[in-house]
Each structure stands twice: as C-alpha cells, then as structure tokens.
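Report on one structure; see the data block that follows.
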Amino acid sequence: MAKEIELTDANFDDEVLKSDLVVLVDFWAVWCGPCKMIAPIVEELADEHDDKLKVGKVDVDNNREIAMKYGIRSIPTVMIFKDGQVVEQIIGAVSKAHLEDKLASHFES
C-alpha cells in the first residue's frame, strides 16, 4: 500500500524534482473543503499506481515557499511533475477519471 509523502519546503527538491518516477503533488490546506473532497482520490491513485507514481502533499499554510514558487493561488491544485518539470496543472476538485487521464500520457509504456 503506497503512502503519500508529506512534502515540505525542505524536502521538495529531493522528493519531487529529483524523482525518477512521475510525481503527483497535491497542494492543499486543512481548512479547504474541496481539498478534502479530492484527498481520497489522490490516496487511491497513490495505491493503484505505486509502481510508477510518487504522490506527495504540500500543506500550503506550512510550506509557503513552495506554494509561492509554483504560483499556487487556488487550492486544491494538483501538479504532475516528470523529470523535474511541471507537465500538468489541475485546479479545483476534479474526478478520479480526469486525474487518471492527465496522468496516463506521462507514464512510460
């Protein structure tokens, strides 16, 4: 069972930018209702694709440096990173199917 990684200003570069896997990063906050709606979806994706996907969560209230660096203005925001670069950005609570569609094109066959 895969586990989401708690991403911080301190570990973001090592866990995300230097990862050999595709990385899904969920920018969220405790007080955010829509963030709570997509949290189970993000967790399911982490479990279902743990062989080719790393999943991390950034609490924007506690990690303002990373949130500012990536221009996070609305949450939830999900970013997909590949080879250290943002390849997708999804803003708002979206369906699991939508996230899977966005991820699929970035997985190596």
- Query: If you go through region 48-83, how many residues are charged (D, E, K, R), closer than 20 Å to L21 by Cα and either outside any loop (DSSP other than H, G, I, E, B) or touching a residue at least 40 places away in the same chain (Cβ under 8 Å) (or both)?
  - Reply: 6
- Message: Going residue by residue through region 61-72, is there one that turns out to be of a type in the set (D, E) and within 16 Å of L7 (Cβ to Cβ)?
- Response: yes
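Each row is one residue, and each column tells you yes or no for (1) hydrophobic (A, V, I, L, M, F, W, C); (2) out of contact with any Pro (no Cβ under 9 Å at 6 or more places or on another chain); (3) crowded, with 18+ Cβ neighbours inside 10 Å.
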| position | (1), (2), (3) |
| --- | --- |
| L17 | yes, yes, no |
| A39 | yes, no, no |
| L45 | yes, yes, yes |
| H49 | no, yes, yes |
| V55 | yes, yes, yes |
- Task: Write out, first by first residue and then by second, each pair whose Cβ atoms fall under 8 Å of each other, whose residues are 6+ apart or on separate chains, and whose first residue, in region 21-36, is more than 12 Å from V58 (Cβ to Cβ) while the second is part of a strand (DSSP E or B).
- Result: L21/L53; L21/K54; V22/L53; V22/K54; V22/I80; V22/F81; V22/K82; V30/D59
- Got a number for residues in region 2-20 being without any contact (Cβ under 8 Å) to a residue 12 or more places away in the chain and part of a helix (DSSP H, G or I)? 2
- Task: Being of a type in the set (D, E) and assigned to a helix (DSSP H, G or I) is the filter; apply it to region 84-109 and report the residue that is nearest to E15 (Cα to Cα).
- Result: E100
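Rule-based calculations on the coordinates, nothing more; no lab input. Because the structure is a prediction, the values reported are computed rather than measured. Positions of Cβ are backbone-derived with ideal geometry, glycine not excepted, and every protein chain shown enters the neighbour counts.
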